[in-house]
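Taking it in order: structure first as structure tokens, then the write-up.
Laboratory data are not the source of any read-out in this text; all were calculated from the coordinates shown. Nothing here was measured: the structure is a model prediction, and the numbers come from that model. Using ideal geometry, Cβ is built from the backbone for each residue, glycine included, and neighbour counts are taken over all protein chains shown.
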Amino acid sequence: MFAATPLNRRSDRNQSVAKAVFGLMTVVLVIPVLLIIGTLVVKGAPAISWEFLFTAPRNNMTAGGIFPALVGTIWLVVVALLASVPVGVAAALYLSEYAPDNLLTRAINLAIVNLAGVPSIVHALFGFGAFVLFFNMGQSILAASLTLAVMTLPVVIVATRESLQAVPHAFREACWNMGATRWQTIRKVVLPNSISGILTGVILEVSRTSGETAPIMFTGATAFLAFLPESVFDQTMAMSYHLYYIATQATADVPEELTYGVALVLIAIVLMMNAVSIAFRVYLRGLKKW
Amino acid sequence: MADEHHGDHGDHGPYAIETRGLNLWYGDFQALYDVDLEVKQGIITSMIGPSGCGKTTLLRTCNRIIERLGYVRTTGSVSILGHDVFADGVELVQVRKRIGMVFQRPNPLPISIRDNVLFGFRLHEARLRKVSAAEEDEILESSLRQVLLWDTVKDRLDKPATGLSLEEQQKLCIARLLPVKPEVLLMDEPCSALDPAGTEAVEELIWKLRGDYTILIVTHNMAQARRASDECVFMLLGRIIEHGRTDEVFLSPENSQTADYIEGRYG
């Protein structure tokens, strides 16, 4: 009575095929990640040492460490965050909590999506034209960071808006009906319940910012600097640009181990940031009360 | 006007809610047609009618929360305790303070029970003057006592309100309206998310608040309207068909459509 009919068997077969195909695709997805990280660890690990991390490059960058680049990347990321987080969070708050759903709002949303799709080299040229030349900042951390900020703004806006919209509408209604203004509602209910998502977006922005090369190439990064930057008006070395330079531009032969070492440190920073972001999100989600 | 709403005033003084020729459109769709409603102070008025007849729309027009939707247009007037809420210079925050609203689904904020009850109070009072902790505790206790919740929650006031049962949450949602001293309570199917025991408990509470507050309650539950309201309004397709004392509406409706609805011929 319950025996399989031919139709059942055919369905079962199709189902097995589907499962196999999707599983295979998943494996294909993971392979490059494992290969990249594996290669970097195997070839780059020997280069990693305290000296590598905390000294400047020597001998036309064929020896020594990456300290100025590491410090430069931190400068770039921090200044970029200072510029983009306030703007991005405020814009997302406006779009999510205040803006009426009209043509203008939709146009702005479209602009944000498009901003996210602009190639980074175009951002670089924009940054060069706008910040370096027009605003006369010269090639500096400030110009480079602002370029990075413009580029990562959509990340912050989208992440913030999504976490704002994840706050149940019923909470807002409850507040409004007790006579709270929109701002009181945002401050007392919406923000406390969306802060985890916003911070996650910020951390993701950090990882994206620290890895970008093109936007800083013309706007503030330099191949070699004997001293550490002292203000936002200085040029700086940066991890990503340093890697690009020693891998493709250096005149002298840079030991392979050194190149992989730089790449390993860079990817470690990015992965660590992502891990922090995930851990943070899990932690904050545990605190959520609904 | 402070104490006018205490006790059963019948039809003395201004109506708690009075609409005149109220029409409302959502975009091109007209949801309310020439609604003239008079809700007397200090009693419970229920609104019944099939889904989509405009009960909730009418309810939400009273405190102008409906405007949040943005594409709503109204003509006519709505007066609360004799004051036109559409008049120039009306501050919505003041309107909302005077008119509390309870929703279908309990919506306590994801903060402690204490903070929920004191939320509105802190928003309005605590910004004008220094409020002592003792005063807050007093308000907290009296509000929770009024909704018959104090004994259940007094030992876990600092626990999240979302951990309460639905019935307790709904009572809490009523309790948090009280510290800002509203005069009118609007309830949009306050029991529809609750089980029978919870429904009974909340109905009992609503009946207890009668007299101190004017209560306008939307319900789908005919039995609830019948046992827990003084007056009953029957709406159909955006119009008020009948409005009278609940027992009369149910026993001898004047309009045949009311009779049909009450007898369950459509719904």
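When only DSSP loop residues count, what chymotrypsin sites (Phe, Trp or Tyr not before Pro) in segment B:165-261 have their Cβ near at most 16 other Cβ atoms within 10 Å?
When the chymotrypsin sites (Phe, Trp or Tyr not before Pro) of segment B:165-261 are filtered for loop state and at most 16 Cβ neighbours within 10 Å, nothing remains.
Let me have the 222 nm mean residue ellipticity of the protein assembly as shown computed from DSSP H runs of 4+ only, each contributing -39500 (n - 2.57), with the sum over all residues rounded to the nearest 500.
Result for the protein assembly as shown, helices only: -16000 deg cm²/dmol.
Given the options B:Val184, B:Val153, B:Val35, which has the most mean-square fluctuation in a GNM of chain B, springs set between C-alpha atoms less than 10 angstrom apart?
B:Val153
Give me the dipole magnitude in Debye, nearest 20, for segment B:17-262 about the Cα centre, with unit charges on the beta carbon: positive for Lys and Arg, negative for Asp and Glu.
700
Kindly identify segment A:103-250 as rounded, prolate or oblate by the Cα gyration tensor criterion: order the square roots of the eigenvalues as a ≥ b ≥ c, call it rounded if a/c is under 1.5, otherwise compare a/b with b/c, prolate if a/b is larger, else oblate. Could the numbers behind the result be given before it?
On the way: a/c = 2.67, a/b = 2.36, b/c = 1.13.
Prolate, because a/c is 1.5 or more and a/b exceeds b/c.
Considering only A:Ala143, A:Ala263, A:Asn109, whose Cα is most displaced toward the positive end of the charge dipole of segment A:60-287, charges sitting on Cβ of Lys, Arg (+1) and Asp, Glu (-1)?
The residue sitting farthest along the positive end of the dipole is A:Asn109.
Suppose the Debye formula is applied to equal point scatterers at every Cα of segment B:159-267; what is log10 I(q)/I(0) at q = 0.09 Å⁻¹?
Values returned for q = 0.09 Å⁻¹ are -0.27.
Give me the three principal axis extents of chain A from the C-alpha atoms, as integers in angstrom, largest value leading.
Each principal axis gives a Cα extent; for chain A these are 78, 63, 36 Å.
Take every residue in peptide A:177-186, count the Cβ atoms of other chains within 10 Å of its Cβ, and give the average of those counts.
Going residue by residue through A:177-186 and averaging, the value is 6.
At q = 0.13, 0.15 Å⁻¹, work out log10 I(q)/I(0) for segment B:17-262 with the Debye formula, treating every Cα as an identical point scatterer and leaving solvent out; two decimals please.
For segment B:17-262, the Cα-only Debye profile gives -0.82, -1.06.
Within chain B, what percent of beta bridges assigned by DSSP are antiparallel, to the nearest 5?
About 55 percent, rounded to the nearest 5.
Among the trypsin sites (Lys or Arg not before Pro) in segment A:210-288, which ones are in a DSSP loop with at most 16 other Cβ atoms within 10 Å of the Cβ? Mind listing them?
Values: sites: A:Arg281, A:Arg285, A:Lys288; in loops: A:Lys288.
Passing both the DSSP loop test and the Cβ count: A:Lys288.
Using only atoms on other chains, find how many Cβ atoms lie within 10 Å of each Cβ of peptide A:190-199 and report the average.
Mean inter-chain Cβ contacts per residue within 10 Å come to 1.
Using a simple charge model, +1 on the beta-carbon of Lys and Arg, -1 on the beta-carbon of Asp and Glu, nothing else, what dipole does the protein assembly as shown show about its Cα centre, in debye to the nearest 20?
Dipole size: approximately 1600 debye.
Looking at this model, which pairs from B:Lys130/B:Lys208; A:Lys188/B:Lys208; B:Lys40/B:Lys181; A:Lys188/B:Lys40 are more than 30 angstrom apart at the alpha-carbon? Walk me through the numbers on the way to the answer.
On the way: B:Lys130/B:Lys208 32 Å; A:Lys188/B:Lys208 32 Å; B:Lys40/B:Lys181 18 Å; A:Lys188/B:Lys40 36 Å.
Correct reply: B:Lys130/B:Lys208; A:Lys188/B:Lys208; A:Lys188/B:Lys40.
Label segment A:1-72 by shape, choosing from rounded, prolate and oblate, from the square roots a ≥ b ≥ c of the eigenvalues of the Cα gyration tensor; if a/c is under 1.5 it is rounded, and otherwise prolate applies when a/b is larger than b/c, oblate when it is not. Provide the component values of the computation, followed by the final result.
Values: a/c = 6.25, a/b = 5.94, b/c = 1.05.
It is prolate, given that a/c is not under 1.5 and a/b is the larger ratio.
Of the options B:Gly49, B:Gly70, B:Leu128, report the single residue whose Cα projects farthest towards the positive end of the charge dipole of segment B:1-131 (beta-carbon charges: Lys, Arg +1; Asp, Glu -1).
Value computed over the given set: B:Leu128.
Report the calculated FRET efficiency for B:Ala197 and B:Glu141 (r = Cβ-Cβ distance, R0 = 30 Å), to the nearest 0.05.
Approximately 0.75, to the nearest 0.05.
How big is the equivalent ellipsoid of the protein assembly as shown along its three axes, where each semi-axis is √(5λ) from the Cα gyration tensor, reported in whole Å from largest to smallest?
Ellipsoid semi-axes (Å, largest first): 62, 29, 23.
Using a Gaussian network for chain A with springs between C-alpha atoms less than 10 Å apart, which of these wobbles most: A:Ser11, A:Ser207, A:Ser120?
Result for chain A, Cα springs under 10 Å: A:Ser11 fluctuates most.
Does segment B:24-84 come out rounded, prolate or oblate by the C-alpha gyration tensor, with a ≥ b ≥ c the root eigenvalues, rounded set by a/c under 1.5 and, if not, prolate when a/b is larger than b/c and oblate if not?
It is oblate, given that a/c is not under 1.5 and a/b is not larger than b/c.
Running a GNM on chain A with Cα contacts under 10 Å, which residue among A:Val270, A:Val155, A:Val113 ends up with the highest mean-square fluctuation?
Ranking A:Val270, A:Val155, A:Val113 by mean-square fluctuation puts A:Val113 first.
Can you find, among B:Leu164, B:Val249, B:Tyr213, the residue sitting farthest towards the positive end of the charge dipole of segment B:17-262, where Lys and Arg contribute +1 and Asp and Glu -1 at Cβ?
Selected residue: B:Leu164.
I'd like to compare B:160-167, A:97-104, B:65-72: which one has the highest average count of other Cβ atoms within 10 Å, and what's the full order after that?
Working: B:160-167: 18.8, A:97-104: 11.1, B:65-72: 13.9.
Ranked by mean Cβ neighbours within 10 Å, highest first: B:160-167, B:65-72, A:97-104.
Taking the Cα centre of segment A:60-287 as the origin, how large is its charge dipole in debye, to the nearest 20, when only Lys and Arg (+1) and Asp and Glu (-1) carry charge on their Cβ atoms?
The calculation lands at about 900 debye.
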